[in-house]
Structures are given as C-alpha cells and as structure tokens.
Amino acid sequence: MPTAYGQASHPPMCSLLLSKLRPLLSHSPPFFAAPFRRRRSLAFSALPTKTKAVDAALLKEKWLESLTLPSPEEHVVTRESSYVIGVDPDLSGALALLKINHVLASSEAQVFDTPHLPVLVGKRVRKRLDAKSIVQLIRSLDIPSGSTAYIEQSTPFPKDGKQGWYSGGFGFGFWIGTLVTSGFSVVPVPSALWKRHFQLAGGNCTKDDSRRVASDLFPLLSSQLQRKKDHGRAEALLIAAYGETLKHAKLLYTPQEFVSSEV
C-alpha cells in the first residue's frame, strides 16, 4: 500500500508488534537525562610548588624549542666568532648586533632603529612597523643562520590602553616570526631579568639610566645614545649584552620566575 512522503510503511507483523508495545510505552517512565557536569580543571596557580616548577620548565623548554631552527651546514656559526642579536620590539625600539671575536677576545657592536611608517587607523595617523624594511635590514647585516636573537618579552600594562596592548603584542609576535623565518633561534627575555642584571630594576630607574649604562658598556656608541628617544637603542644593546652572558646557561630564567611572569 503506498504511503505519503516522509512516512514509513510497516509490514503486518511489525504493525502487530507495535500495537502490543504501545500500551507499555505509554506507561513507561519519562526519559531521565543526567545533569551535565563540567569537568573541573585545576588552575596552574593552585598546583603544588614543586609541580609548578617542573611543569613551567617543561613548558618553557617546548616553547623555546618551537622558536629554534637548526643551523644549515653552509651557515654554521664559526668557533672564531659568534653573533648575538638583541631586540627591543616596541615601535620606538631597535635591533642591536654584537659580533664577538673569540680569538682576539674583542667585540663589535651595532644598533639600528626599528623601521616604522605612518598608517591611518580610523581617523588618526599612527606609527606601525615597516615589515619590508625590517626584513631588508636583517638581510643586509649578513648574520649567519643559527645565531641567537634575544627579544624583550612583551608585557602589557593596564595604563597602556588598548592601542598599547595591540602595538606591543603585534611587535613582539612580528619580530619573533621574522627572526625565526630568517634562520635565527629566538629567546624571549622578560624585562625584569635583564634590567635586574644591570641594576636597572625598580621604580627609581628610568630610561635615561638605560642610556647611561649602555653608554658605559659601549663607549664607541655613546654618541648614538645621547637623546632621550635613543632609549630603544640602549635597551636593545643591553638585551644583546645580557643574552651574551646567557649563551652557556641551560635555563634563561628559573622556573619559579617563569611561573610568576606575566605573558
């Protein structure tokens, strides 16, 4: 017997079985659905101190591994010399390059302002990183692949506002991507660590102090650090110098510092 579209046809035996089961189904208890319980995830801060230290070290190791590229055979860093890159990723920042001659026990330093250009954002003109010029700058330095670049880890502050958060995060991510794709191993450095190393931590220290310390450490570049707006150059140089002291260290910073630092 033909049926309407969307309705199922049952053979006689099946219809008889359904007619016998219908009274039983009408008296059966309603379907009971167990309440959904959200799985509780233990907050990282609630973990035991020892567990946090181990997990933090493992997380850091995996993160740094993802930012590390092996050196191609044609660009292996020689034992006679090595290169260290320091980057202040802010718009007013800079890229510093240290070339260390291990035979003569000497070093040569260079610093370059971060290229930027004006961009219309809404109704206002703002500074943005000049991606093409940054790539051209890195290529012009002829730094061997496999060299290590130390970059200040971006930490947003409430007083910076949304534009500051965007600019800081964008610059940090852009520099990491550009440096890794250029063949360098990248190591993020929290600002508190390198500043503490040069005794620049604390509310009493200013960016002028960074210029003073960098001028003492790199006297040949002191003429490039005289203006207040040269603090980006100074910090890039200090980050590179701090990175040079860490080249033989197994950990950039202790696991507990990693746990407490803001990302």
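The values are calculated or read from the model by the stated rules, or taken from the named source; none is laboratory data. It should be emphasised that the depicted structure is a prediction, and the values quoted were computed from it without experimental measurement. Neighbour counts are summed over all protein chains in view; Cβ atoms, including those assigned to glycine, are modelled from backbone coordinates with ideal geometry. Protein only, heavy atoms only, side chains kept; ligands, DNA and RNA dropped before computing areas. Shrake-Rupley method; radii C 1.70, N 1.55, O 1.52, S 1.80 Å.
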Once fully extended, how much extra length lies between Val135 and Leu120, figured as 0.36 nm per residue of separation less the alpha-carbon to alpha-carbon distance? 3.2 nm
How high is the relative contact order of segment 79-251, in percent, with contacts defined as C-alpha pairs under 8 Å that are six or more residues apart? 29 percent
Please report the accessible area of Tyr166 (heavy atoms, 1.4 Å probe, ligands and nucleic acids excluded) in Å², nearest 10. 120 Å²
Might you tell me the accessible area per residue for segment 79-251, computed with a 1.4 Å probe and given in Å²? 53 Å²
Spherically averaged projected area in nm², based on the convex hull that wraps the Cα atoms of segment 79-251: 10.7 nm²
Mind scanning Lys127/Lys228; Lys62/Lys159; Lys62/Lys99; Lys99/Lys207; Lys159/Lys247 and naming the pairs with a C-alpha gap bigger than 30 Å? Lys62/Lys159; Lys159/Lys247
How do 230-237, 103-110, 213-220 rank on mean C-beta neighbours within 10 Å, highest first? 230-237, 213-220, 103-110
Please list 3J(HN,Hα) in residue order for segment 228-234, calculated via the Karplus relation 6.51 cos²θ - 1.76 cosθ + 1.60 where θ = phi - 60°; whole Hz, with x for glycine and proline. 4, 6, 8, 5, x, 4, 4
Of the accessible area of segment 79-251, with the probe set at 1.4 angstrom, what percent is carbon plus sulfur? 54 percent
Which whole-Hz ³J(HN,Hα) couplings does segment 204-213 yield from phi under the Karplus relation 6.51 cos²θ - 1.76 cosθ + 1.60, θ = phi - 60°, glycine and proline marked x? 7, 8, 10, 5, 5, 5, 4, 5, 5, 5
Rounded to the nearest 0.05, what FRET efficiency is calculated for His102 and Asp55 with R0 set to 41 Å and r the Cβ-Cβ distance? 0.65
Virtual spin-label span in nm between Leu217 and Leu91, 7 Å along Cα→Cβ: 2.6 nm
